[in-house]
Every structure is written in C-alpha cells, then in structure tokens.
1. Toward the positive end of the charge dipole of the stretch 4-286, about the Cα centre and with charges on Cβ (Lys, Arg +1; Asp, Glu -1), which of SER183, SER32, CYS212 goes farthest?
2. Among ILE90, VAL16, GLY203, whose Cα sits farthest toward the positive end of the charge dipole of the stretch 4-286 (+1 at Cβ of Lys/Arg, -1 at Cβ of Asp/Glu, about the Cα centre)?
3. Over the chain, calculate the relative contact order: mean separation of alpha carbon pairs under 8 Å at least 6 apart, over the residue count, as a percent.
4. Restricting things to alpha carbons, find the Rg to Rh ratio for the stretch 60-128 using the Kirkwood radius for Rh.
5. Express the relative contact order of the stretch 30-123 as a whole percentage, based on alpha carbon pairs under 8 Å and six or more residues apart in sequence.
6. Under 16 Å Cα-Cα from LYS18, which aspartates and glutamates qualify once same-chain neighbours fewer than 8 residues away are excluded?
7. If the cut-off is 17 Å between C-alpha atoms, which lysines fall inside it for LYS59, apart from same-chain ones fewer than 8 positions away?
8. May I ask for the distance between the Cα centers of the stretch 227-290 and the stretch 70-89, given as a whole number of Å?
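What follows is calculated from the coordinates using simple rules that are stated; it is not laboratory data. Values in this document were obtained by computation on a predicted structure and should not be read as measured data. No Cβ is skipped: glycine too gets one built from the backbone with ideal geometry, and neighbour counts run over all protein chains shown.
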Amino acid sequence: MAAAAVGTWAFSLPAVQKLRSLLKNGVGATDSLQEVIADIEDSEETGQYIIGRGGYPNKNGQVQCDAAIMEGFPGRFGAVAALHGIGTPIVVARKVMDKSIHSLLVGEGALAFAREEGFMEEENECMLSQQSAEAYREYLGKKTNYHGHDTLGLIALDIYGNITVGVSTSGAPFKYPGRVGDSPLPGCGLYADCQVGAAAATGEGDKIMCFCPCFHVVLLMKQGLSPNDACESVIKEIINRVGDEDMFELGIIAMNIKGETGAASSVQFTYCSWTQEKDCVEQLIRSPCQ
Ligand code: SD4
C-alpha cells in the first residue's frame, strides 16, 4: 500500500516531512503520529509551535492542553483535555487509548492517570516558553483577545493500510480554566474510519464542536466524495446554517483510505500533504469557501 500524510497549517511542514520518512520506513501510522506530535509538543523551540510545552496559558497563567488520537478501528480512541504539567499530552492520550477503559480524561483526573503511567508532573514555569510567557504578560497588560493558530492536526496512512488521526493544542489562548475545545472530541476535532478515511479540524473550537464536522466529512467520503469535496461541502453547509456574518474560523483536512488528501476552510488556509506516489511534501493553499 502507498503511505500518505497530511497536516494542518503551514507549520505542519516539518511534521509531515518527518512522517514521510517514518512511514516510508514501515513505521505504523499510530506510532509515527505519536512520535512526530510528541517531538513538537516537547520542543523548547519558541516560535511556530505552541502546543504541549510552550503552549499558551489559560487566563490564570497555567498551560492546559488538549490532545487526542484515533485509529480507524472502531473504539480505538484516547484523549486528554485541560491537562496541565505534562509536556507531551499526545503520549498521555495514546496511553488512554491503549491502557484505560475510558476514552477521555480531563484535568486532575488526566494528570493522576499520567502519573500512574510514569509521567512526571512539571512545574508550570517549565511548561511556558519565553514566547508564551511574554504573550501572557501582554495579555495581562491589555486584556485583549489573542487570535492565532496553534492546533497541529495530522493524519497518517501507513504502508499496511492503517489510518490514524492525531491532534494537539493548547486551545484558545488565555481561555477560562477548564475550557475544552473541539480537538479532543471525537467527530468534532478528529475522526477516523478504517474503511473510509479520516479528518481533523482547526479553528474556533467553541463553535466547531456544535457541528461535528470531522464525522460529517468522513460520512461524505463514505458516500463517495473526494477529501476536498467532502471538506468543502461540510464548510459550505455550516456557512449556510449560520450565515456569512456569523461564520467562524474552521479549517478541515481529510484523507481517504486510498491516500488521497484534501482540505477546505472558511478562511485562507494552508495545509501540508505528502503521498508516497508523488513523494514530494507540498504546502497547499485553499481560499475561503463561500
Ligand atoms: C480549540 N480548535 O481549542 C482549537 C484551536 C485551534 O488553531 O484550532 N487553533 O478551539
């Protein structure tokens, strides 16, 4: 089988490049995704990545992250939300999928589970980067809302035909403590079906979660739509329902089980894609759907 990978935003380029080499070397979709996302979450590099360690804090200054992973096989899902003190939330989400009888753990419960699994809780200072600490100081000074993008959503198809989707985010910058976005919610921030394909979303999670867009995209791909057409159709339907004026930021990436990738968005959206057939990692731009 030909492998493939796709990721949200221009900043997913190095992640998709790394997925390319892992998948080509026969590493499974889930292990590849976990490795790539965890590397980025844990990186101390300031700048483009604001997931995991270095994420934007909530309004009290604490970094709280959401992360999830879903395999195409029914019931293979694990997620954590509003998790603090752990630099690699995606690895805890994977443990929830593999080791817990539950699917989604939040806040203190997620942290207790992580500790039981051998993770070391870190001080909040270790979770902030220079950049996120600076952004928080600015927020405290002005109390303005920050707009920006941080969610890394990735879909990987391995050479054995397994598809997995993973997402990691620090959510809405300076959010209310305990706020959970779309990212760790199945059907909303991500969805996968081994017979059809997978999708991941990014944007305003408080609105996105009301529309289950990722489940909808996979359903449309099941009915025969291409990944591009399925994403476009879902965005257009939401625009029709809420109206142009009230439309919010929503970008969706998708991949079908043949390894074809696509995306659509309500705003200008860059995503990164690699297919083994073409073997070139591309940055592609989608104009806003109307
Ligand atoms: C959230 N959907 O928590 C995420 C934020 C996001 O790029 O996608 N940012 O609402």
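1. Farthest towards the positive pole: CYS212.
2. Highest projection toward the positive end goes to GLY203.
3. Relative contact order here is 23 percent.
4. For the stretch 60-128, the value is 0.98.
5. Numbers: 160 pairs, mean separation 21.1, N = 94.
Reported as a whole number, the value is 22 percent.
6. ASP31, GLU35, ASP39, GLU41, ASP42, ASP158, ASP279, GLU282
7. LYS142, LYS143, LYS175
8. Between the Cα centre of the stretch 227-290 and that of the stretch 70-89, the gap is 23 Å.
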